[in-house]
Every structure is written in C-alpha cells, then in structure tokens.
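Enquirer: Handing you this structure, nothing more for now.
Nothing in this text is a laboratory measurement; each read-out follows from the coordinates by a stated rule. These figures come from a predicted structure and were not determined experimentally. As a convention, Cβ positions derive from the backbone with ideal geometry for all residues, glycine included, and neighbour counts pool all protein chains shown.
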Amino acid sequence: MASANNPSQLGITLCAVSYLGQFDSNSKRYTLMNEALSATLTEGWQVTWGPATHGEDLVYVAANTSGDCAVVVRGTLFDRIEDLLQDKNINPQEPLPFTAPSFPADAAISKGAVEVWKNVVAMSSSVGSGGGALLTFLQGLPQGTSLLVTGHSLGGQVATVLAAWLQGALTNVSVLPLTFAAPTAGNPAFAEAFDAAFPEAQRYYNALDVVPRAWTEEGLTSILSLYPGGPACGLLCKAAVDAALRTLRDNALTYQQPTTGTELLGTVYSVSGFGAFEDEVNDQHRALYYMFLLDIPVSTIHSLNATWAPPPSQAARSAG
C-alpha cells in the first residue's frame, strides 16, 4: 500500500485512479474511484467532489480524514505518439484567462491549455456529496486547508495552470502543485513565475517518456533518437515531430518547463514488431509505471490493474 505521507506516491496514485472507468458514467466512476482509493492509500482518502467531466476532460477532488484535499486532473487518452503531437493546439500562446497576481502580463499558455481550463470551469459535479462548480466547492473548504493540485500527462500540464488559477482565486487554502509526465504548459514568463509562486512544487518525469519532452525544441528533437538500440521513431512519428517543430519555429513560439524536476530512470520493455515504438511510448508513459518507479509495490498497482507488469531488468537501455 502506498503511504499518504509520501507526497509523490500519494500524487501518482490519485492520478492513476483518475483513469478508472473510462467508459462508465460518473456515478459508476465515483464508486470505482472510492474503492480504489481505499485499496491503495492510507489516511482515508475518498472522493469529495466529482468526478466531473466536460468534453474529454475529467477532474475530481479527494480528501483524507485529516482534512487535506487534492484536485486531480485526468490526462488526455491517446493511443499513438502521433495523436499527442498532432491534436494538441500549441499555437497560439494566449494570456492567462484568469486573474493571477503572481504572474506577469506576458505569461502565456497554449491555446489547448486555455480550452481545457474553460472545460474545468464549466464542470459541475452531480455525484457524491460535493455538488456544483469546482471553484465554489473549493471556496467552501476550511481556512488553512492544504490543497494538492496534481495530474499525469496532459493532466499534469493543466494542473500547473489550475494551480496558478486557484492560488489567485482562493484565500482559504495553500496550493501545492505536483505533476507527473507533464508536457510544458506555457512560455518562459509563465514557467519562471510558476517557479517563484510555487517554490515547493515538484515535477516528476521518466527519462524514457516522450510526453514530458513536449513542447520544447530540444525535447521534441530528442524523440527521434529516444531508444538507442531499441524501437525507433518511424516515418509517421518523425513527420509528427517535424510538424510540431515547424509550428514552434514558424510562429516564434518558446515553451519552457518549470525548473524543479525529478528524473525517474525507466527501463525499456524491449518490444518489437509493427508499432513497437508506439507501444514502448505508451508503456513508458503509463501512470501505473510511474507508480512503480516511485517505489509503490506491484501488489498495490494490481489493485488498479491486475494484468500490469514492469519491464524486465535485462532490457535496460539509456535514454537518448
């Protein structure tokens, strides 16, 4: 069982739970998530708002028996690396769509991140004990509440945006962002202001994961040679990387990750055959694998997915 006293284990477990019940109703997800939280975490974590959805986006709030809370953003679901690189709107960068006193006027985030923020604002929970809009629910929390804002993958990207929004909108909580496998959300002005606003924030990324390499030029270029001696980025992958790089260069866009980050050292699964690179990308990116890399026992991970398995140790290769 993961320890709720370890912030990284708590955060990634909450994120992994967000993917449960992908084809179910929110009321069914509510039941599945609470069962999973009971099976994987100590300190009585349970869903207190949501899960709520708008479009393909999902958010839920959980709390433990001590009154600590977490806002959890599910990542976007994708099957191939080309999907990630092609369907996320990184152009243009737009000003923050909310008041954030700690961020300068030139702080900007991707149009795609703005669209997800709008979806979150439009969400309303109709299951469980906490109803209505997310911000209204959070405004009702007791003064001094510790609020973790977390997400995996594109959920981690959005979590950085939500943290900036909630810090400016709430006076009753202390906000701590914690992300996993997150691509960049915005420009250098946003990243630098995020660093200053949240000095205790943490960003975890697997060295063999493609997704945290988006959307910097260096990160995108590195995808082309990510698994030396292993599965290679094919023609479709290269075309998608080239298209993303052209978008950045043609529109004079610069993206930057927040400074504080913890690298996790993954191991290649060593898959082969058609689609091997895409399969490897998916395996390296999964929240379940991040749980493993953060020292959560496989027996606990099996509470969420009984068939998941880590890569064989003999398949280890370095990241490109």
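Enquirer: Answer with one residue from 153, 140, 226: the one whose Cα lies farthest towards the positive end of the charge dipole of the chain, charges on Cβ with Lys, Arg +1 and Asp, Glu -1.
Expert: Among 153, 140, 226, the one farthest towards the positive end of the dipole of the chain is 140.
Enquirer: How much length would be gained if the chain were fully extended between residue 200 and residue 218, taking 0.36 nm per residue of separation minus their Cα-Cα distance, in nm to one decimal? Could you put the intermediate results ahead of the total?
Expert: Values: separation 18, 0.36 × 18 = 6.48 nm, distance 2.57 nm.
Working it through step by step, the gained length comes to 3.9 nm.
Enquirer: Sorted from fewest to most neighbouring beta carbons within 10 Å, what does the list 136, 40 look like?
Expert: On the way: 136 13, 40 24.
If I rank by nearby Cβ atoms, fewest first, I get 136, 40.
Enquirer: By the 4.7 Å beta carbon criterion, which cysteine residues of the chain come out unpaired?
Expert: Cysteines of the chain left without a disulfide-compatible partner: 15, 69.
Enquirer: In addition: Considering the options 186, 125, 101, tell which one lies farthest towards the positive end of the dipole of the chain, charges being +1 on Lys and Arg and -1 on Asp and Glu at the Cβ, about the Cα centre.
Expert: 125
Enquirer: Pull out the extension gain between residue 115 and residue 235, defined as 0.36 nm times the separation in residues minus the alpha carbon to alpha carbon distance; nm, one decimal. Let's see the in-between values first.
Expert: Values: separation 120, 0.36 × 120 = 43.20 nm, distance 3.00 nm.
Difference between extended and current length: 40.2 nm.
Enquirer: Going by C-beta contacts inside 10 Å, put 47, 149 in order with the fewest on the left. Mind showing how you got there, number by number?
Expert: Values: 47 25, 149 29.
Ranking 47, 149 by Cβ neighbours within 10 Å, fewest first, gives 47, 149.
Enquirer: So for the range 112-266: antiparallel DSSP bridges make up what percent, rounded to the nearest 5? Let's see the in-between values first.
Expert: Details: 1 of 15 bridges.
If I count the DSSP bridges inside the range 112-266, around 5 percent turn out antiparallel.
Enquirer: While we're on this one: Rounding to the nearest 20 debye, state how big the charge dipole of the range 7-312 is about its Cα centre with +1 on each Lys and Arg Cβ and -1 on each Asp and Glu Cβ.
Expert: On the way: 13 positive and 27 negative charges, 79 e Å.
With Lys and Arg at +1 and Asp and Glu at -1, about 380 debye.
Enquirer: Please list, in chain and number order, the residues 5+ apart from residue 94 or on another chain whose amide H is under 5 Å from its amide H, with Hs placed from the backbone.
Expert: Close amide H contacts, sequence-distant or interchain: 109, 110, 111.
Enquirer: Using a Förster distance of 25 angstrom, determine the FRET efficiency expected from the C-beta separation of residue 25 and residue 135, and round it to 0.05. Kindly include the intermediate steps, with their values, before the conclusion.
Expert: Numbers: r = 24 Å, r/R0 = 0.95.
In this case the efficiency is close to 0.60.
Enquirer: Still on this structure: Using Cβ counts within 10 Å as a stand-in for footprinting exposure, how do 224, 248, 154, 37 rank, fewest first?
Expert: 224, 248, 37, 154
Enquirer: What fraction of the DSSP beta bridges in the chain is antiparallel, stated in percent and rounded to the nearest 5?
Expert: Details: 16 of 36 bridges.
Counting DSSP beta bridges with both partners in the chain, the antiparallel share is about 45 percent.
Enquirer: Right, something else. Could you pull out every one of the aspartates and glutamates with an alpha carbon less than 17 Å from that of residue 238, ignoring same-chain neighbours closer than 8 positions?
Expert: Answer for residue 238, where 17 Å is the Cα cut-off: 79, 82, 83, 87, 209, 217, 218, 278, 279, 280, listed by chain and number.
Enquirer: Moving to a separate point now. Assuming R0 = 22 Å, can you tell me the calculated FRET efficiency for the pair residue 34 and residue 77, based on Cβ-Cβ distance, to the nearest 0.05? Display every interim value, and only then the final one.
Expert: Details: r = 22 Å, r/R0 = 0.98.
That pair, residue 34 with residue 77, gives E of 0.50.
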